[in-house]
Every structure is written in structure tokens, then in C-alpha cells.
1. Rounded to the nearest 0.05, what FRET efficiency do B:Glu234 and B:Thr7 give with R0 = 60 Å and r taken as the Cβ-Cβ distance? Could you check?
2. Find which of A:Ala170, A:Ala278, A:Leu236 sits farthest along the positive direction of the dipole of chain A, computed with +1 on the beta-carbon of Lys and Arg, -1 on that of Asp and Glu, about the Cα centre.
3. More than 20 Å apart: what percent of Cα pairs in the range B:110-259 qualify?
4. Before rounding to the nearest 500, sum -39500 (n - 2.57) across all DSSP H runs of length at least 4 in chain A and divide by the residue total; then give [θ] at 222 nm in deg cm²/dmol.
5. Read phi for every residue in the range B:225-238 and hand back ³J(HN,Hα) as whole Hz from Karplus 6.51 cos²θ - 1.76 cosθ + 1.60, θ = phi - 60°, with x for Gly and Pro.
6. What is the helix-to-structure angle for A:138-151, meaning the angle in degrees between its Cα long axis and the longest Cα principal axis of chain A, kept from 0 to 90 and rounded to the nearest 10?
7. Rg/Rh for the protein assembly as shown to two decimals, with Rh computed the Kirkwood way over all alpha-carbon pairs.
8. Taking the range A:36-132, how much of its Cα-Cα pair set, in percent, is spaced more than 21 angstrom apart?
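Values quoted throughout were computed directly from the atomic coordinates according to the rules given, and no laboratory measurement underlies them. Only a predicted model underlies this, so the values are computations on that prediction, with no experimental measurement involved. Cβ sites come from the backbone with ideal geometry, for glycine too, and all protein chains shown count toward neighbours.
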Amino acid sequence: MTFQLDATLAARGFEVSLSLGPAETIAILGPNGAGKSTLLSIISGLLRPDAGKATIGEKVLFDLSADTNIWRAPHTRGTALLAQEALLFPHLSALDNVAFGPRSAGASSAAARETAMHWLSEVDADSLASRRPGQLSGGQAQRVAVARALAADPDLLLLDEPMAALDIHAAPLLRRLLKRVLAGRRAIIITHDILDALMLADRVIVLEDGRITEQGPTREVLEKPRSRFAAGLAGLNLVAGTVSDAGVTTAQGMVVAGHQDESVEPGQDGVAVFPPSAVSVFLTEEHGSPRNSFRVIITDLEPHGDQIRVRAGRLSADITPAASADLGLVPGMSVYFVIKAAAIAIYPA
Amino acid sequence: MHRRSGTGYTGIPAWIYAIAAAGALFVLLPLVAMVARVNWSEFIPLITSESSLTALGLSLRTSAASTASCIVLGVPLALILARSPFPGQRLLRAFVLLPLVLPPVVGGIALLYTFGRQGLLGKSLELAGIQIAFSTTAVVLAQTYVALPFLVVSLEGALRTAGNKYEAVAATLGARPGTVLRRVTIPLVLPGLASGAVLSFARSLGEFGATLTFAGSLQGVTRTLPLEIYLQRETDADAAVALSLLLVAVAVAVVGLSYRRPRLGVAPEGALR
């Protein structure tokens, strides 16, 4: 039973196709407005694409092409949605909220409550059964919402930044809970947090401007990002351009020399990737060493752990506070970013 | 939910209080004047006279019936106006709200030319042996006509405030549209629906112009309390004042019920719109 999706929505510049195994969880990463929520709305049937097809096994969710026009209503899709806000029905107790899915599927009141109780205890919320949503904390409400989504027994669970509205104490708890309940389950989780992708997903998809720019196993994408967004998430600098023997040449004519991957061939599109910690900052240009040296204007300085992160446009360097003070760095200053070629990985984009 | 506190900063200039006090006085003073004019020794006999009780009973029955009609017709209207955008929606809203600003007499005339003996539908109804004009049914129709916008406006506001996020979640949990309406939408906007129904009831209770034009003034059939008051005013001012006070009491009770703070903090703005 594979989940398969192809969908285009011209009004939002959205064009995505993806597939998901029966027990696979993928994380969708991407900047704001990239079309992440659009994707979930299309899958759950809340938004109609211009064209495309989606199936779960034999079940057709929609098939909108030239000669067919199948559109399954949201309530018959089996795609439960968990949003940023818990959105528990305020007039029902936690138990009745969780029992809502089974009740809608035709279960008797008693059977639905039994199922609901099971799922409430599954998310360690059985003691909250009789509470109204107004009496729950954000973390508790989101746990009940997870139970409610699971109690509907969905073929595909859609999670739209479920941790985003929680405070720093509640989020790790919910993340652990999701790790437990998502095991062996098909789910798509939208997130801004790289930790969610690492802990919960088998695979990540990077969505930018309505299109998939990168996908692969989570670890691989983070270790060898090919898109600027994924590099940003992994905390790496990424320079894209054309590969030559000298390194990667950008459209602006900047050449970055580095350690070239065996698979990369001259003339190909490639990326040069290096961590900010490999970047040194100098006030004058260094000569005579096999190094990359780029003149940049500092845009921002910010604390980053026990280091200072020096941002210059899209590149960043991590240096010690002492070094920053010695150099007298301030935004607007012109400096040189220097990186050893050995610290730069070059591979195909 | 924000509770009014006596110590918090309000940001209201002092002169606003003076004008607000004048406004409150403007509303209260006529009531006081009327109460002062009541012939208390005759009060009980006046309001318990046969014609008064008949009129009061008719008023309460027809107002209850028209409130029910308003709910039956108004809930779908409000849902359609608040939820699904369609061409001509603004126009439909304008027409639904028209009775709010239309002189009731005009509404009565319009109804007469619709349901009256020579009216648009009246002719066919007459052939079917149904006569509506100058019957109790006509009173209910006239009241529904003028009271419907109150329910629609109030409920549409509540629906818009509540948004459709809960409905979307309910659908993805497997609830069919009918279930969503019954178990999610209506319970969420219940305060708005209740206040809309109460306002419709109050408007129906006070309806005069459309009723007189379309239904006439037959004792026990179409003569509601406002019509009875108007009639008594010509002959027996004491009776008119006593009955007016009765109507004020009913209205105050109704509005008092309506404007209590909603228990659930779901759609407080919508509920009070």
C-alpha cells in the first residue's frame, strides 16, 4: 500500500510529486510560503489542485486529469490532520474529542469511548479524560490532539508543525511521544526544526517555491546538502556554481577550491559546502597559501553557543569572542573570509 | 476572556462619561416617565382583562412560532453567507438584511402582494383552499419577515468569528458534513445562535406595522399586544400604559437573557454582535 501523489496548483506555483511506503515517515522542510501547508491541504482534501492524482494503495484520493474528475471528500480519505494548534473541540471533553473519529466512523458511543480511552493512555493523558480543552495546557492539548488523530485510524497521518506552538518544556515531551506513536506508521510531518526531521523521519523532502529541491534519507541530506535551505538547516555554508578543475565557479565569478568528490565532473553543476567553524576572519588579504580568500562585508554578528557567528550575506564564520574583539568587528566592515581548501567538500548539485 | 477591572487603565477621556450618561438618560427617562404614569391601583385588573390576556397570549405564541421559523430559515442562510463564497453573495446578504432598514409598513404591503388574496402566491394558495392574509399565520409571517435579519446577522458574525478550522479538522477525522454541522459547527456558535434567536423573539414581540398592514387587527386572531396597546391608547390611556409596561418587562427579561456573558469563551464577539 503505497501513497502516491502528483499535484499542480498554478495559482500558488505548486508542483509536487512524492510517494510514501506503508510505514514511512517523511519530514517536509522548507522556508515560509514554500507550499508545505498547501501540500497537506491538497492531500487531506481541503484544497483542490488544478491537476494531478493521489492514491493510497487502491484507494483514489483524487484524479484530476483531462478525462477523469474524481475528487474524494475529506471525510472519506483517511488522512487525519494534526495542526500547530491542537484545535480540540472546545465544547467536548478530552475523551469525547478523541472519541470523535471512531464515532464519525459509526462506532457506538461505548465502543468509541473505549477506543478513545486506549489512545488517551497511549499518549499518557488518561488522567485528562474528563477535562475540557480550556482546562488543558498547550502541551496537554496537543497530546490529546495526537490521540484524537490516531483514534481515527488514518491511513496517512498529516502533521503540520505540531511542535511549533509549544513551549520549550512541552516540545521535547511531544517529540518523544510522536517518535513512539509514529513508529510503523505512515506520516508526513512539516517542521522547521531539524531535530524533528532527525528524530521522527526516515526521509526528508526540502520544498522551496512550491517545488521539491532536495530529498533523501535524513542523515544524507544533512551531511551533504544540495540546496541552500538544507545547508542552512544543517548549519553549513553552501556555494553553488559550475565545477571545474579549480573548484566551483559561481555565477558572479567567485571560485571556491576544495576537496572534489570522485563523482563530480568538470562542467557539471556542483556545490561547495563547508562549516562556519572552518572559516577564519582576517582584516587584510592573506597571500601565498593554498587557501580560499573572499572579501566580504559583515552584515550581522550574533552569539552562537560560545562562539560569535559572523554573517556576511549568505556566508558565515564562527570565531571566538576574543578574536572578534581583537579584530574590532562591526556590521558594515569589509573583511576577508579565509577557508582551507581541505575543509571544503565539493560534490554534484 | 477579559474581565473588567476597576483599577486598570481605560484610556477614556472624562467628557466621554458625561455624554454617555446623557445617552443612558435618554433611553431610561421615557421608561421612568411611563412608569410614573402607571395607574397602580388599576394595574392588575388592566393587564389581566380578557382582551389583554388574549393579546399577550397571541403575542407570545406567534413570536415563539416566528422565532422557530427564523431558526429554520436563518441558520442555512447564515451558513451559506458565512462559509461558501458564491457569485451574488453580497447581493443576497443585502436583500436578506433589507427588512432591517425597511419601514415595517412597506414590508407588510410587500407581504400582502405576495400572500394576499390577489398576491403573487396568494392566488394559487387561494385555489388550494389556503388563505393566509388576515390570519394568525399572517402574523407569524410578518414577524418572521422583520425578525429574520437579526438571527442571520448575529449567527453569521458568530460563524465568521469561529472560523472553519474546527470543521476542517472534524472532516479529516472522518465526519461527514451533516455530522460536522451537528456536532461541531452548531455547538461552537450556540451562543451566537441563542442571542440571535432571542433578538428575533424580541423583534417579533414588538412587531406592529407589518402585522397591522398584512394581518389586520382581529381580536384573538391577529391582534398582538402592540396592536392592542395602540388600540387602547385611543380609548383608555391607563390600559395602554399598563400594557406597555408589561411589554417593557417582557423585553427587558428577553434582552437580559440574551446579553449575559457566554459561558464558553468560543465566540464572544460574534455572540454579542
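1. 0.65
2. About the Cα centre, the residue reaching furthest to the positive side is A:Ala170.
3. 62
4. Using -39500 (n - 2.57) per qualifying helix, the result is -7000 deg cm²/dmol.
5. Working through the residues one at a time gives 4, x, 5, 4, 4, 4, 5, 5, 4, 5, 9, 9, 4, 4 Hz.
6. Approximately 60 degrees, to the nearest 10.
7. Taking Rh as the inverse mean 1/r over Cα pairs, Rg/Rh reads 1.14.
8. 46
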